[in-house]
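Take a look at the structure set out below.
Since every read-out is calculated from the coordinates, none of them should be taken as a lab result. Treat the numbers as computed from the prediction; the structure is a model and nothing was measured. Virtual Cβ from ideal backbone geometry, glycine too; neighbours counted across all protein chains shown.
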Amino acid sequence: MRVEVIYCDAPVAAPLHRVIAATVDASMVLVGVALFLAVFFLSGGEIVLSKQNVPFFLGVTAVLVLFYRVLWCLAGGDTPGMRFAGLRLVDFDGRPPEREQRGLRQIAVMLSWLSAGLGLVWALVDEENLTWHDHISKTFPTPE
């Protein structure tokens, strides 16, 4: 079994920096959800949480999260959260990642979350403090 290692001298971002970046990105998505709800309400829709419409609102939120993540993946840039936290994404050789690596990272992020967060917690026991999606995509955030 071949273990991937980081060949560049760039340090892996601290968990606190990652949390700050994720919080800023989540707030961007929440602003999008708030805008959706405002337009929905102003166009005559009624916002009442019930068993019938909670899946609809959760679905809208999931679509906005996916759209946000795909937008930054296709743009080939770092998210506003990463920029706010002073992070940039690099591959294991220290170069900016290719679009394919960014796409693979987004898919791997879903795996990290869908495993009850185990892929994220993995960074606490990993020798280089990398998450599953860091290992899978061979990319990681580093301070600028």
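Taking a ≥ b ≥ c as the square roots of the Cα gyration tensor eigenvalues, region 59-125 comes out oblate, since a/c reaches at least 1.5 and a/b does not exceed b/c.
A Förster radius of 41 Å, combined with the Cβ-Cβ distance separating residue 46 from residue 71, puts the computed FRET efficiency at roughly 0.85. Only one item in (i) 15.4; (ii) 17.0; (iii) 16.5 matches Kirkwood radius over Cα pairs in Å derived from the coordinates shown, and that item is (iii).
Taking the C-alpha atoms only, the angle from helix 15-42 to the longest principal axis of the chain is near 20 degrees. Note the angle between two axes, namely the Cα long axis of helix 54-75 and the longest principal axis of the Cα atoms of the chain, as a number of degrees from 0 to 90, rounded to the nearest 10. Relative to the chain, helix 54-75 is tipped by roughly 40 degrees.
The length gained by stretching the chain between residue 9 and residue 144 to full extension, at 0.36 nm per residue less their Cα-Cα distance, is 47.4 nm. Centre-to-centre separation between the Cα atoms of region 15-72 and those of region 89-144: 24 Å.
Given their separation in residues at 0.36 nm each and the Cα-Cα distance between them, residue 116 and residue 37 gain 25.6 nm when the chain is fully extended.
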